[in-house]
Amino acid sequence: MIPVLRLKRKAAYGLEKIVKLDSNENSYGASPFVAEAIVHGALHPSLYPDSEARDLRKRLAEKLGAEQNQFIFSSGLDEMIEMVSRALLTPEDNIVMAWPTFYEYYSHALIEGAEIRRIDSDKDGRHDLDKMLAAIDESTKIVWVCNPNNPTGTYVNDEELAAFLNKVPESTLVIIDEAYYDYVTADDFPDTLSLLKHHANMMVLRTFSKAYGLASFRIAYGVARPELIHELEKVRLPFNTTGAGQLAALAALQDKAFIKKCRKKNRKVLKIVRDFFDKHGIAYYPSQTNFIYVKTDDPKGVFEHCQKNGFLIRPFQTGVRITLGKKRDMLQLLKVLEEIFD
Ligand SMILES: *Cc1c(COP(=O)(O)O)cnc(C)c1O
């Protein structure tokens, strides 16, 4: 019998159906190429995976126009954030990050005993780069730029990022987390792979967990200059990514149409959701991602109301983050929201 992993704990909530809109997973799944590769591809369960992820490395180097020795692979970006923090941070150092932003930057700096300088986002939910710059000193090892930002969905544009990079001292590493890169549609979004050619103190992070729909495979990568990659490799476990993850990522990269389709569907749903919020005078941040941040003075109340009705969303201090799901589910969610946002 084929075992089944239950993903949705419906029984725990006493519900018929739960729509998971709390972790920004791809609501359309993954490319069919992935299942095909896992079932029929060259997967050898009894052998250790390729520690260097050579096939995936080569493919990404071609795709992104970078050298193969500029890549490092990880078990999701979560592990990358852990590795970078472990390799670079000591209790004498500090990090600068936006607030709110992706929480792992904070938790791993905390584990390494580094000082954490959180800089409030501006009123539009965007990184306040001027204030972040002002917070950097000679002990700042890392400044995190989450672009687009989770949980606000907002972005730093090409001019802003270029100006920022020109001002950050060389002793501080600027790490740009582009987990949602494939959802972006803004024309002025930064081309970080090009910027990397001119800035030694820069690293770009991407993952297969979001638009590629491979969150369960745990595979992501970082791109930087080879000397930095060499430093980071010292803390990487030899088999931190799996053969299945590498194979799935390779298969997913072949299906460009899938990513394009997801981006397009996501944009359509985003428009429906924005129109709804506009109509009801509900404040939200403009999003370049597959989620939207809605402002409310009762995040917990909104979260609980949604959960009671079969929708899992994520509460924050000043609002809730809702992953953009399939149109049918989102239309139902908007009805549920209509009951409380009036
Ligand atoms: C989801 C997410 C990650 C981590 O994703 P992985 O599944 O660990 O690759 C990293 N950064 C941001 C901003 C995210 O939203």
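The values are calculated or read from the model by the stated rules, or taken from the named source; none is laboratory data. Values in this document were obtained by computation on a predicted structure and should not be read as measured data. Cβ atoms come from the backbone with ideal geometry, glycine included; neighbour counts cover every protein chain shown. Note: areas computed on protein heavy atoms with side chains; ligands, DNA, RNA excluded. Shrake-Rupley method; radii C 1.70, N 1.55, O 1.52, S 1.80 Å.
Quick notes on this one:
- Where a residue in the stretch 74-91 is of a type in the set (Lys, Arg) and its partner, wherever it lies, is surrounded by fewer than 20 Cβ atoms within 10 Å (Cβ to Cβ) and at pLDDT 95 or above, with Cβ under 6 Å and at least six apart: Arg86/Val235
- Residues that are closer than 20 Å to Glu25 by Cβ, open to solvent by less than 50 Å² (accessible area, probe 1.4 Å) and touching a Pro at 6+ places or on another chain (Cβ under 7 Å) do not occur anywhere in the stretch 247-259.
- Any hit, the stretch 48-59, residues being closer than 28 Å to Tyr155 by Cα, away from the ligand (no atom under 16 Å from the Cβ) and in the same structural domain as Leu228 (by TED's automatic domain parsing): yes
- Scanning the stretch 181-202 for residues that are open to solvent by 30 Å² or more (accessible area, probe 1.4 Å) and farther than 22 Å from Gly213 by Cα gives Asp187, Asp188, Asp191, Ser194, Leu195, Lys197, His198, Ala200.
- Number of residues in the stretch 96-116 that are in a strand (DSSP E or B) and surrounded by fewer than 20 Cβ atoms within 10 Å (Cβ to Cβ): the value is 3.
- Residue count, the stretch 218-227 (criterion: in contact (Cβ under 8 Å) with a residue 60 or more places away in the chain and open to solvent by 30 Å² or more (accessible area, probe 1.4 Å)): 3
- All helices (runs of 4 or more DSSP H) inside the stretch 240-342 with 1 or more residues being within 18 Å of the chain's Cα centre (by Cα): 243-254, 256-279
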